[in-house]
1. Please state which one of Ser90, Ser148, Ser163, Ser125 is under 15 Å from Arg78 (Cβ atoms), touching a strand residue (DSSP E or B) at 6+ places or on another chain (Cβ under 8 Å) and among the hydroxyl-bearing types (Ser, Thr, Tyr).
2. Here are Ala349, Ala324: which of them is over 18 Å from Asp496 (Cα atoms) and open to solvent by 10 Å² or more (accessible area, probe 1.4 Å)?
3. Testing Asp430 on (1) over 36 Å from the mean Cα position of the chain (by Cα); (2) surrounded by 13 or more Cβ atoms within 10 Å (Cβ to Cβ); (3) of a type in the set (Asp, Glu); (4) more than 22 Å from Gly282 (Cα to Cα), one condition comes back false. Which one is that?
4. Inspect all residues belonging to the range 106-121 and state whether any of them is under 30 Å from Ser216 (Cα atoms), touching a Cys at 6+ places or on another chain (Cβ under 9 Å) and in the same structural domain as Val84 (by TED's automatic domain parsing).
5. Please find, among Gly444, Gly450, the residue that is among the small types (Gly, Ala, Ser), crowded, with 21+ Cβ neighbours inside 10 Å and in the same structural domain as Val327 (by TED's automatic domain parsing).
6. Going residue by residue through the range 288-308, is there one that turns out to be more than 22 Å from the chain's Cα centre (by Cα), part of a strand (DSSP E or B) and at negative phi?
7. Could you pull out the residue among Arg396, Arg482 that is under 22 Å from Gln277 (Cβ atoms) and part of a helix (DSSP H, G or I)?
8. Between a first residue in the range 479-492 that is farther than 12 Å from Glu316 by Cβ and modelled with pLDDT of 95 or more and a second residue that is open to solvent by 30 Å² or more (accessible area, probe 1.4 Å) and small (Gly, Ala, Ser), which pairs have beta carbons less than 9 Å apart while being 6 or more apart in sequence or on different chains?
Amino acid sequence: MCAAAAAGMATSAVPFPPAGAGAAGAAVAAAGDAGADEPMYGDHDLVMSQAADCRRYADLHGMLAPGGAQVGERVWIRARVARVRAKGNSCFLVLRQGVYDTLQACYFKDKERPEASKAFLKWLSGLAPESIVDVCGVLQAAAVDSTSIRGAELGIERLFVISRAEPQLPFQLDDAMRTEEEIVASEATDRPWSRVPQEQRLDHRWIDLRTAPSASVLRVRSAVCQLFREALYARGFVEIQTPKLIGGESEGGAAVFTTEYFEQTACLAQSPQLYKQAAICGDMGRVFEVGPVFRKEKSHTRRHLCEFTGLDLEMEIKHHYNEALDVVHATLAHTFNGLEQRFAREMAAVRTQYPSRPARISDQPCIVHWEEGMAMLKAAGADVDETADLTTALERQLGELVAAKHGVDLYILDRFPAGARPFYTMPCADNPALTNSYDVFLRGEEICSGAQRVHVPELLEQRIVAQGLPLDSLRWYVDAMRYGTPPHAGAGLGLDRVVFLYLALDNVRKATMFPRDPNRLTP
């Protein structure tokens, strides 16, 4: 191996035969041969970017495929030690890169060097799972069912620890990947599986994210953002970034976090709503944002957070807010279909622990008017207040009724009562008790709220005062409407809730890398 690499290796172990010197020696070293003074195993010195390494590493992903490492090749691999199984004169390791790719590696006692190989076996058997190692060996044909690479295993020649894991993990990764059904079934046996509590997962989230289901949830979350952006860029939208430190409330009826801002009191934005509309006033036409949203709600439910990521859009309309609903529906259809078609590996990994099926989505928006929805609930025996927003239980019940009637898991409920919507919502022309507003529901729960906005300053002022909000802090917003504002509508979705409901998780916190709720501010 090259001098820079050799300088970083431990020296107290059994050496291999010498390698060549100079450039030829470096090439041989890169392939895995060792010099006479170089060890078979040990702890690597602390990697501090001392020098570049000439070593070439093989990826498990794509191994044995065209362009990847093949049987018969000597390779270096950097990976985690997922499992160690030592027995007699042999030791088997499972190496893992990322969360999807695994390879079996093995070492057997060498009759020609019994003492050295016996020491190596003992050392290998003491490796702590989740340690990061550099392994050199030859890929050899093998039939292995327990790893993702099934046609080969690595015959270990050398192994060095890059970063040691502590012997006792906060929880076992295998336990964290079992389904609730498996755990419940095991409770009737003499060896029940352990259940990893959610709080323990979140306290050690970096360990939880090493499991394929949990890591895949966050990959799906990333995919939703990608697909959301794709759909809107294709429809002429521009992405914007709005301020999160603002001078007053941006939503009526929701508590705000406040903070000192020099000699003023600032709020953390509950929504980019007012600034999206300001962009429309500035003739930007169609805008969207992916950004943080803050709500000071002491809610401990499975679907609420104090900080979440908003997927927001706003657009000019010509005559009717259905123009915006068409865009919202098309965007969600593109997103959910894209998850199933382009991110099948991630979806499959999540479904090993959280079973779900693809959402049923109609070609055109399935729109249920408020009056029709209330009639459906009443006919089913529900007790409803037609002037108030739906409770979670009523949302789910209506979702079941709509699914049974229309055969969809994604639908829109519009014309909400005025008392249930923010001050900037346009009233219905045919019934001022109702509004030109809408919610989108997925699998019976709300993922999106939107509306046509009030774009006339006099009416906007009336609604602000009527809802008891301070007009002074919203003066700039009202004034923005005084210089010719096109009719417009928009929507706001919660990314965390979209992921949580589409994947049928049991809690929205599992759809967020480091969730924030009334009790959790760390890690």
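1. Working: Ser90 fails: under 15 Å from Arg78 (Cβ atoms); Ser148 fails: under 15 Å from Arg78 (Cβ atoms); Ser125 fails: under 15 Å from Arg78 (Cβ atoms).
Being under 15 Å from Arg78 (Cβ atoms), touching a strand residue (DSSP E or B) at 6+ places or on another chain (Cβ under 8 Å) and among the hydroxyl-bearing types (Ser, Thr, Tyr) holds for just one of Ser90, Ser148, Ser163, Ser125, which is Ser163.
2. Details: Ala324 fails: open to solvent by 10 Å² or more (accessible area, probe 1.4 Å).
Going through Ala349, Ala324 in turn, just one is over 18 Å from Asp496 (Cα atoms) and open to solvent by 10 Å² or more (accessible area, probe 1.4 Å): Ala349.
3. (2)
4. First, the residues of the range 106-121 that are under 30 Å from Ser216 (Cα atoms): 106.
Subsequent filtering for residues that are touching a Cys at 6+ places or on another chain (Cβ under 9 Å) retains 106.
Subsequent filtering for residues that are in the same structural domain as Val84 (by TED's automatic domain parsing) retains 106.
Scanning the range 106-121 turns up at least one residue that is under 30 Å from Ser216 (Cα atoms), touching a Cys at 6+ places or on another chain (Cβ under 9 Å) and in the same structural domain as Val84 (by TED's automatic domain parsing).
5. Details: Gly444 fails: crowded, with 21+ Cβ neighbours inside 10 Å.
Of the residues listed, the single one that is among the small types (Gly, Ala, Ser), crowded, with 21+ Cβ neighbours inside 10 Å and in the same structural domain as Val327 (by TED's automatic domain parsing) is Gly450.
6. no
7. On the way: Arg396 fails: under 22 Å from Gln277 (Cβ atoms).
After ruling out the rest, the residue left standing is Arg482.
8. Ala480/Ala278; Ala480/Gly282; Ala491/Ser449; Gly492/Ser449
The values are calculated or read from the model by the stated rules, or taken from the named source; none is laboratory data. Model, not experiment: these values are computed from the prediction. Positions of Cβ are backbone-derived with ideal geometry, glycine not excepted, and every protein chain shown enters the neighbour counts. Remember, those area values only see protein heavy atoms, side chains included, never the ligands or the DNA or RNA. Shrake-Rupley method; radii C 1.70, N 1.55, O 1.52, S 1.80 Å.
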